[in-house]
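The values are calculated or read from the model by the stated rules, or taken from the named source; none is laboratory data. These numbers were taken from a predicted model, which means no experiment stands behind them. For neighbour counting, all protein chains shown are included, and Cβ atoms are generated from backbone atoms with ideal geometry for every residue, glycine included.
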Amino acid sequence: MRILVIGSGGREHALLHGLAGHELTVAPGNAGMHSLADVRPVDVQDPASVVALAREVDAEFVVIGPEIPLVAGVSDALREAGVAVFGPSQAAAQLEGSKAFAKDVMAAAGVLTASATQVAPGSGAADAAAALEAALEAALDEYGPTYVVKDDGLAGGKGVVVTPDREAAKAHAEAVLAAGNPVLFESFLEGPEVSLFCLVDGETVVPLLPAQDHKRAYDNDEGPNTGGMGAYCPLPWLPDDGVERIVAEIAEPVAREMVARGIPYQGLLYVGAAWGPFGPAVVEFNARFGDPETQPVLSMLDPSGPSLADALFATATGTLSSLPSLAWKPGFAATVVLASSGYPAGPKTGDVISAGDGASGGAAGGAALLDDPTRVLHAGTGRNEDGDYVSAGGRVLNVLGHGETLEAAVAAAYSVIEQIELPGSFYRKDIARPAIEGAIAVVPAEDTSAGDTSAGDTSAGDTSAEGE
Ligand code: GLY
């Protein structure tokens with residue numbers, strides 16, 4: 001099959017690796033993808049450009065990685081042009097694009113989530129400014145501490161602030177409003193977070209392996225929120241029925257509600273949930289695969305079951321309900337993100353990346369490891385005039401490790417990243433450590449006093465953030 005993948009990060013590199021064997025084009029791609037795909041330029045926000053490229057490469061199937069083209073209506077334009085596409089419609093992608101929309105769907109579907117209130121930008125009149133100030137103070141009084149303040153829209157790297165500091169929370173809210181967006185205040189959700197990716201085709205939901213992301217920049221969950229500094233799967237601490245419950249209590253009711261609204265969801269629904277005293281509660285939805293969780297999750301897909309291409313194509317073409325069960329490899333997978341100096345506030349780019357195995361692509365050498373997508377996926381890389389890989393973004397590389405135990409998988413990933421040199425770069429040294437040390441506790445349901453689990457009624461929290 002001729003497949004066009006839209007996107008340019010580690011998630012898309014993992015998708016390409018999973019789709020290998022097909023005739024692949026990626027746009028706009030990155031420097032590490034040339035061995036897997038024809039790399040083309042495209043404006044991912046422009047539906048007409050993507051349709052034109054799909055026609056030019058005669059794509060039979062388009063897989064959309066990031067949220068920006070989804071919210072821009074690229075999948076709708078491709079469907080209208082008669083091209084099969086993996087990715088929800090613009091209307092359905094509002095589950096990610098508008099947090100207020102997602103809250104409304106969850107309330108209607110009876111899905112547990114944080115309570116929230118939205119404050120919209122004012123008109124600019126003097127009395128409107130006073131009213132806005134009062135609304136902000138009231139929301140801060142109601143929802144914190146801990147304060148959870150979200151940009152109600154695509155976040156572009158500055159979406160969510162979770163802080164005990166009222167002034168910092170207010171400053172973020174004011175910045176969101178100054179940018180012309182509504183701001184959402186939420187109650188703080190207790191409990192460890194799960195990223196569960198679900199293939200959704202109308203009312204059919206097929207979950208992948210549960211994963212956990214590490215969103216803060218530095219060890220021990222310190223520092224600013226990032227797009228994600230590492231991830232692992234599956235989750236040894238999740239209750240045995242954890243995936244089943246997230247599907248039954250969150251993904252399926254939401255899928256049914258979307259069908260009932262006449263905007264059926266067809267694509268990847270990323271359920272970001274916190275497992276609190278009453279079970280899983282939604283922190284956020286995304287309308288696409290998560291990054292970097294996708295990297296370990298897809299690496300665990302076992303070829304004895306349906307291929308990634310079969311699974312995505314079935315989702316896109318309304319046949320997911322007849323797809324045989326997915327098969328997963330035994331053991332665990334982990335990814336560690338190598339970030340450039342200054343990430344996330346001001347990532348430095350243009351520095352040469354090299355690896356200790358000595359094989360040379362450009363002047364700096366190290367091409368063999370850097371060109372092995374079973375161990376290294378490229379997220380933000382380019383090439384310099386000498387042909388060396390150079391940093392071209394905040395999250396530069398994602399290294400992968402696998403093992404029979406989570407500890408072994410993480411050790412394998414660290415043994416790879418230790419061979420890679422990028423001046424000023426850094427990575428977290430504690431990916432999956434709390435899980436390995438047994439420090440992640442899920443409160444058993446029988447230990448909790450019965451509570452009201454209706455939507456919008458929990459104490460709530462969110463440590464999520466988005467962006468590069
Ligand atoms: N890893 C978080 C995200 O993809 O949004």
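Quick one: in the range 277-297, which of the residues that are of a type in the set (Gly, Ala, Ser) and touching a strand residue (DSSP E or B) at 6+ places or on another chain (Cβ under 6 Å) is nearest to Ile440 (Cα to Cα)? Ranking the qualifying residues of the range 277-297, first place goes to Ala281. Per the conditions (1) touching a Gly at 6+ places or on another chain (Cβ under 7 Å); (2) more than 16 Å from the ligand (Cβ to nearest atom), the sole criterion not satisfied by Glu222 is (1). Taking the range 188-232 as the range and being crowded, with 23+ Cβ neighbours inside 10 Å and over 30 Å from Val410 (Cβ atoms) as the test, only Val200 passes.
Does Asp213 satisfy being more than 14 Å from the ligand (Cβ to nearest atom) and either at pLDDT 95 or above or closer than 17 Å to Glu249 by Cα (or both)? The answer is no for Asp213. Counting only residues that are under 18 Å from Gly202 (Cβ atoms), without any contact (Cβ under 8 Å) to a residue 60 or more places away in the chain and touching a strand residue (DSSP E or B) at 6+ places or on another chain (Cβ under 9 Å), the range 77-115 holds 1 of them. Suppose we filter the range 390-449 for residues that are in contact with a strand residue (DSSP E or B) (Cβ under 6 Å, 6 or more places away or on another chain) and among the β-branched types (Val, Ile, Thr); how many remain? Total satisfying the criteria: 9. Criterion first (at pLDDT below 95 and either among the hydroxyl-bearing types (Ser, Thr, Tyr) or outside any loop (DSSP other than H, G, I, E, B) (or both)) does Ser325 satisfy it? No; evaluated as a whole, the condition is false for this residue. Tell me which residues, restricted to the range 173-221, are under 26 Å from Tyr427 (Cα atoms) and free of Cβ contacts under 8 Å to residues at least 60 places away in the same chain. Answer for the range 173-221, where residues must be under 26 Å from Tyr427 (Cα atoms) and free of Cβ contacts under 8 Å to residues at least 60 places away in the same chain: just Pro210. If we scan the range 248-266, do we find a residue that is in a strand (DSSP E or B) and crowded, with 24+ Cβ neighbours inside 10 Å? Checked against the condition, which is being in a strand (DSSP E or B) and crowded, with 24+ Cβ neighbours inside 10 Å, the range 248-266 yields at least one hit. Quick check: anything in the range 202-221 part of a loop (DSSP other than H, G, I, E, B), of a type outside the set (Gly, Ala, Ser) and out of contact with any helix residue (DSSP H, G or I) (no Cβ under 9 Å at 6 or more places or on another chain)? No - not one qualifying residue is present in the range 202-221.
Against the test of being within 14 Å of the ligand (Cβ to nearest atom) and at positive phi, the options Gly202, Gly228 yield a single qualifying residue, Gly228.
Candidates in the range 266-321 are the residues that are of a type in the set (D, E, K, R) and more than 16 Å from the ligand (Cβ to nearest atom); of these, the one that is nearest to Ala432 (Cα to Cα) is Asp302.
Thr315 fulfils the conditions (1) polar (S, T, N, Q); (2) assigned to a loop (DSSP other than H, G, I, E, B); (3) under 23 Å from Gly73 (Cβ atoms) except for a single criterion, (2). Taking the range 75-91, which residues are among the small types (Gly, Ala, Ser) and surrounded by fewer than 24 Cβ atoms within 10 Å (Cβ to Cβ)? If the condition is that a residue be among the small types (Gly, Ala, Ser) and surrounded by fewer than 24 Cβ atoms within 10 Å (Cβ to Cβ), then Ala77, Ala81, Gly82, Ala84, Ser89, Ala91 are the ones that fit. Of all the listed residues (Pro277, Pro207, Pro192, Pro253), the sole one being over 13 Å from the mean Cα position of the chain (by Cα) and closer than 21 Å to Thr405 by Cβ is Pro192. Entry remark, the range 20-35: residues being surrounded by fewer than 21 Cβ atoms within 10 Å (Cβ to Cβ) and either in a loop (DSSP other than H, G, I, E, B) or touching a helix residue (DSSP H, G or I) at 6+ places or on another chain (Cβ under 7 Å) (or both) number 4 in total.
Those residues that are over 13 Å from Gly97 (Cβ atoms) and outside any helix (DSSP H, G or I), I need them from the range 56-77; list them, please. Listed by number, the residues that qualify are Val57, Asp58, Ala59, Glu60, Phe61, Val62, Val63, Ile64, Gly65.
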